[in-house]
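Before I ask anything, here is the structure I am working with.
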Amino acid sequence: MENTNVPKHLYFYSVGLSYKKADAEVRGQFSLDAAAKTRLLEQAKNDGIESLIVTSTCNRTEIYGFAEHPFQLIKLICDNSNGSVDAFQKVGFVYKNQEAINHMFRVGTGLDSQILGDFEIISQIKTSFTHSKSMGLTNTFMERLVNAVIQASKRIKNETEISSGATSVSFASVQYILKNVEDIGNKNILLFGTGKIGRNTCENLVKHTKNEHITLINRTKDKAEKLAGKLNLIVKDYSELHLELQKADVVVVATGAQNPTVDKAILNLKKPLLILDLSIPKNVNENVEELEGVTLIHMDYLSQLTDETLENRKLHIPAAEAIIEEIKEEFVIWMKGRKFAPTINALKDKLNAIKNSELDFQSKKIADFNEEQAEIISNRIIQKITTHFANHLKDDETMVDESIEWIEKVFKIKAS
């Protein structure tokens, strides 16, 4: 009996959640630190997934990769974070094939960023790809796609003004402080956490407040000292956090801790205190608002602050989208050709096998059978048939994966 097993097909997915539907608390549950990302990749490899990259920032946690079903990728996120499948189903997204490719282009070029034109995510995608490649979890498709997204990001940054003007969460936080704190130049400012957002915030604070009373605290003191040396600021030990909180008028929290590090239990306040929490997951317990005089502002609120700069950036979206379409079209042409070529070759081999069997049968059955002429005619027919299929697969309206699946099913072939 002929084997009728149809090979399983993999699809390219983008699954995850972002600021669009998930608030900071939920994003925090699904946040993945460096160790969690490595565990996720190891689990993916053990599950037989051939190519996958994972990104996790304050605004999103996403996987781009190949799977038979998106739940394989959703499970990877949930297994390696504090998020649940039920929570994911409420706020998460699943994009497949072309939609997943479109999404990756928009994310990587800053069009899907919480603050339009923020290009920080492209460095995350580069780092994620390098991490996956080091573990043998990338293929030619993924490498080509990531390079195409990087190319689009570079061109948009260089050829449009979508990232013009100063606007970011760190800049927005400083703008908020300037508007809401009187005599800021003489207030005590404490910055807790000196990662990327913390550093950017600190530089903006120094530049715009002219304040000489800024204190830095970081779990790793030498990182704080390095930044303080550049900006001529004060550094205190992590063990002195509770003391410095009592002195501060403004506290900016930008740590990478997985659980809150500031709560009302360590606050013994004698004056009003403004706290800005720029961390994902949240690093300031909301119970601090139970204390009189405490104002807590989270980064989601700061990200909603629109100004003239953001409005101006929106004018450049069409130019950015045109660049994406141009580069994406080149990628799709490459992708389609690469994708269906093995199927067309397998189809040609199948038709040639049918032809050879039939010619052998007829040559024994028919006297004076002209095998040479029959060979020429049948080869031309096979060429015309395979060309028809190739043209169908090249068509922009064709769902390539589904068509390949049906061709392989009908002709009982398996592309190598």
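Suppose we keep just the DSSP beta bridges with both residues in the chain; what percent of those would be antiparallel, to 5?
Antiparallel: roughly 45 percent of the beta bridges in the chain.
Can you give the convex hull volume per residue for the Cα atoms of the stretch 169-305, as a whole number of Å³?
95 Å³
Still on this model: Kindly state, to the nearest 0.05, the FRET efficiency for THR127 paired with LYS364, given R0 = 51 Å and r defined as their beta-carbon distance.
On the way: r = 65 Å, r/R0 = 1.28.
For R0 = 51 Å, the calculated efficiency reads 0.20.
List the pairs from LYS247/LYS282; LYS348/LYS414; LYS45/LYS75; LYS210/LYS230 whose alpha-carbon separation is above 18 Å, in the order I gave them.
Pairs exceeding the cut-off: LYS247/LYS282.
Output the relative contact order of the chain, whole-number percent, from Cα pairs under 8 angstrom with separation of 6+ residues.
Reported as a whole number, the value is 15 percent.
Something else: Regarding the chain, what are the three Cα extents along the principal axes, ordered largest first, in Å?
110, 43, 35 Å, listed from the longest principal axis down.
Another question, then. Just subtract the alpha-carbon distance of LYS90 and TYR176 from 0.36 nm times their residue separation and send over the number in nm, one decimal.
On the way: separation 86, 0.36 × 86 = 30.96 nm, distance 3.18 nm.
Difference between extended and current length: 27.8 nm.
Report, in whole Å, the centroid distance computed from the Cα atoms of the stretch 296-367 and the stretch 182-196.
Centre-to-centre distance over Cα atoms comes out at 49 Å.
Obtain the nm distance between the two label points defined at GLN383 and ASN186 by a simple spin-label model: each point lies 7 Å from its Cα along the Cα-to-C-beta direction.
The two pseudo-label positions are separated by 9.1 nm.
Order these peptides, 173-183, 392-402, by their mean beta-carbon neighbour count within 10 angstrom, highest first.
Highest to lowest by the protection proxy: 173-183, 392-402.
At 4 °C and 1.567 mPa s, grab the translational diffusion coefficient of the stretch 11-159 from Stokes-Einstein with a Kirkwood Rh over Cα pairs, rounded to a whole number in µm² per second. Spell out each step's value before the answer.
Values: Rh = 15.1 Å.
The estimated diffusion coefficient comes to 86 µm²/s.
Can you pull the one-decimal nm distance between simple spin-label points at SER134 and HIS9, each 7 Å off the Cα toward Cβ?
Calculated label separation equals 3.6 nm.
Suppose only helical runs count, i.e. DSSP H with n ≥ 4. What mean residue ellipticity at 222 nm does that imply for the chain under -39500 (n - 2.57) per run, divided by all residues and rounded to the nearest 500 deg cm²/dmol?
-17000 deg cm²/dmol
Angle, helix 371-394 long axis vs. longest principal axis of the chain, Cα atoms, 0 to 90°, nearest 10?
Helix 371-394 sits roughly 20 degrees off the main axis of the chain.
If each residue of separation counts as 0.36 nm, what is the full-extension length gain between ALA257 and GLU50 once their alpha-carbon separation is subtracted? Each step should come with its number before you reach the end.
Working: separation 207, 0.36 × 207 = 74.52 nm, distance 3.13 nm.
This chain segment gains 71.4 nm when fully extended.
Want the number for LYS414 to THR295: 0.36 nm per residue separation, take away the alpha-carbon distance, what's left?
36.5 nm
Using r as the Cβ-Cβ distance of GLU225 and LEU315, and R0 as 41 Å, what FRET efficiency do you calculate, to the nearest 0.05?
Numbers: r = 43 Å, r/R0 = 1.04.
Efficiency at R0 = 41 Å is approximately 0.45.
Every number in this text was worked out from the coordinates using simple rules, so none of it is lab data. Just so we're clear, the structure is a prediction, and the values are computed from it rather than from any experiment. All Cβ positions, even for glycine, are placed from backbone atoms using ideal geometry, and neighbour counts span all protein chains on display.
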